[in-house]
Amino acid sequence: MKALLWFVLCAAIAANVSLNFLMEENGLYIVLSVVSGVVVLASGAGLWTLRREARP
């Protein structure tokens, strides 16, 4: 599970960075940027939750 969350986190960060270089600011850019930001936050929260559960 952690490996999948790390993969999703890295992919969303890479997508967000590439959006900044490849797209002009328009409606689609804003939507994709928000979606990738939400995915980054969700996967980060999932990793943090799993880390907290693993500790004694």
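The values are calculated or read from the model by the stated rules, or taken from the named source; none is laboratory data. Remember, predicted model here, so these are calculated numbers, not experimental data. Glycine also receives a Cβ, built like all others from the backbone with ideal geometry; neighbour counts cover every protein chain displayed.
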**Message:** Among (1) at pLDDT 90 or above; (2) out of contact with any helix residue (DSSP H, G or I) (no Cβ under 6 Å at 6 or more places or on another chain), there is one condition residue 30 misses while meeting the rest; what is its number?
**Reply:** (1)
**Request:** Take the chain and flag every residue that is part of a helix (DSSP H, G or I) and polar (S, T, N, Q).
**Result:** 16, 18, 20, 33, 36, 43, 49
**Request:** Pull up the stretch 1-39, narrow it to residues that are free of Cβ contacts under 8 Å to residues at least 24 places away in the same chain, under 18 Å from residue 49 (Cα atoms) and exposed (fewer than 11 other Cβ atoms within 10 Å of the Cβ), then point me to the one that is farthest from the chain's Cα centre (by Cα).
**Result:** 3
